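Q: Handing you this structure, nothing more for now.
The values are calculated or read from the model by the stated rules, or taken from the named source; none is laboratory data. As the structure is a computational prediction, the values presented were derived from the model and not from experiment. Glycine gets a Cβ as well: all are built from the backbone with ideal geometry, and neighbour counts include every protein chain shown. Calculation scope for accessible area: heavy atoms of the full protein, side chains included, ligands and nucleic acids excluded. Shrake-Rupley method; radii C 1.70, N 1.55, O 1.52, S 1.80 Å.
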Amino acid sequence: MPSTAWTGAISFGLVSIPVKLYSAVSRKTVRFHQIDTRTGARVRQKRVSAADGSEVAWDDIAKGYEQADGEYVVLQDSDLSALDPKATKTIEIEQFVDLSEIDPIMYDSPYNVVPDPATPKPYALLMEAMESSGKVAIARFVMRTKEHICALRPLDGRLVLSTMVYPDEVNDPAELEALEAIEDVDVSAKERKVAETLIESLSEPFDASEYRDTYREKVLGLIEARASGATEIVEGEPAEEEDTVVDIMAALEASIAEAKEARKEPAKKKAAKRKAS
């Protein structure tokens with residue numbers, strides 16, 4: 001059972017719905033420590049003063065904000081704690097919107113929203129009402145001294161909350177000068193039609209279980225091999241060389257043929273299995 005990330009209530013008008021938040025994802029990164037190859041011991045980092053190289057104790061460390069002139073504005077924890085948002089235990093729903101109105105780039109971290117087992121009806125009522133109306137709730141709440149905006153939506157018989165970034169945290173694409181090159185591109189109706197055909201040939205229901213972190217699996221396999229005494233070097237697959245300039249129409253048409261052939265494979269396997277049985 002994952003640990004509780006937050007405990008409080010959803011405020012839905014005058015209705016209060018007790019809930020708990022549990023992280024909806026567990027990052028599966030492979031973590032390494034730095035090791036001294038001479039001794040096999042772990043290398044630990046020290047907090048060192050840039051002035052004289054001496055080690056600095058935690059009690060002597062404060063937060064500093066670097067200004068344009070290189071000078072620092074030093075703040076103590078007490079300075080910042082005074083600015084913390086009021087610690088409430090409420091997810092305050094402010095409005096309901098269509099899911100399509102939210103740009104996915106705004107989403108940050110997802111949480112499963114779990115009701116109080118003793119009073120599940122208000123939770124079920126909100127979830128079913130949102131399902132039937134097709135709406136997503138936009139709300140605010142405070143977690144770990146920070147106020148978050150979030151999206152609350154029904155999903156497979158439960159509510160899911162996703163914290164969101166603020167608009168000024170989204171990088172402005174206008175700063176990417178290379179995007180200006182798109183403005184001068186002329187796409188013909190024929191090219192667009194062929195591209196649409198390729199999209200259609202690759203379209204199928206999304207099944208998340210088909211996707212795996214193959215790199216992480218290879219790293220874990222290498223670690224297991226090393227732990228058992230293997231010493232051979234395992235090389236990754238070489239990257240395929242690609243032509244800088246391609247015939248777009250030829251590439252699209254070849255891709256369509258390849259996609260159609262790939263779709264025949266599962267059917268061939270099913271037919272072979274039926275024949276064998």
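Q: Run the dipole for segment 38-127 about the Cα centre, Lys and Arg Cβ at +1, Asp and Glu Cβ at -1, nothing else charged, and hand back the magnitude in debye, nearest 20.
A: Details: 9 positive and 17 negative charges, 154 e Å.
Here segment 38-127 has a charge dipole of around 740 debye.
Q: Say we join alpha carbon atoms closer than 10 Å with springs in a Gaussian network model of the chain; which of ILE105, ILE35, ILE17 then has the biggest fluctuation?
A: Evaluated over the chain, the most mobile residue of the options is ILE35.
Q: In whole Å, what is the distance between the alpha-carbon centres of segment 131-168 and segment 29-76?
A: Value for the Cα centre distance between the two parts: 36 Å.
Q: Here's something else I'd like to know. Work out the charge dipole of the chain with +1 on the Cβ of Lys and Arg and -1 on the Cβ of Asp and Glu about the Cα centre, then indicate which of VAL165, ILE61, LEU125 is farthest towards its positive end.
A: LEU125
Q: Counting only protein heavy atoms and using a 1.4 Å probe, what share of the accessible area of segment 80-192 belongs to carbon plus sulfur, as a whole percent?
A: Roughly 54 percent of what the probe reaches on segment 80-192 is carbon or sulfur.
Q: Please say if segment 1-98 is rounded, prolate or oblate, where rounded means a/c under 1.5 for a ≥ b ≥ c the square roots of the C-alpha gyration tensor eigenvalues, and otherwise the choice is prolate for a/b larger than b/c and oblate otherwise?
A: Oblate shape, in that a/c is at least 1.5 and b/c is the bigger or equal ratio.
Q: Looking at segment 113-201, what % of the alpha carbon pairs are farther apart than 17 Å?
A: 70
Q: Next question, about the same structure. Return the ratio Rg/(2.2 N^0.38 Å) for segment 33-191, where Rg is computed over Cα atoms only. Don't skip to the end; give the middle numbers.
A: Numbers: Rg = 24.4 Å, N = 159, 2.2 N^0.38 = 15.1 Å.
Taking the Cα Rg and dividing by 2.2 N^0.38 Å, one obtains 1.62.
Q: As a test of the formula, what do you get for the chain when each DSSP H run with n ≥ 4 contributes -39,500 (n - 2.57) and the sum is divided by the residue count, at 222 nm and rounded to the nearest 500 deg cm²/dmol? Walk me through the intermediate numbers first.
A: Details: 5 runs with 74 residues, N = 277.
The helix contribution divided over the chain gives -8500 deg cm²/dmol.
Q: Shifting gears a bit: If you build a Gaussian network model of the chain, linking Cα atoms that sit under 10 Å apart, which residue out of SER109, SER203, SER16 swings the most?
A: Answer for the Gaussian network model of the chain: SER203.
Q: Under 10 Å, Cα contacts only: if you run a Gaussian network model on the chain, which one of ALA51, ALA262, ALA178 comes out with the highest mean-square fluctuation?
A: Taking springs between Cα atoms under 10 Å, the residue moving most is ALA51.
Q: Using a probe radius of 1.4 Å on heavy atoms only, what accessible surface per residue do you get for segment 59-148? Whole Å² is fine.
A: Accessible area per residue, segment 59-148: 70 Å².
Q: Once you order the gyration tensor axes a ≥ b ≥ c over the Cα atoms, which shape class does the chain get: rounded for a/c under 1.5, otherwise prolate or oblate by comparing a/b with b/c?
A: Oblate is the answer for the chain, as a/c is 1.5 or above yet b/c matches or exceeds a/b.
Q: If you don't mind, there's one more thing I want to ask. Only bridges whose two residues both fall in the chain count here: according to DSSP, what percent of them are antiparallel, nearest 5? Before the final figure, lay out the partial values.
A: Details: 43 of 46 bridges.
Percent antiparallel among DSSP bridges in the chain is about 95.
Q: Report the relative contact order of the chain, percent, no decimals, based on alpha-carbon pairs under 8 angstrom and at least 6 residues apart.
A: 16 percent.
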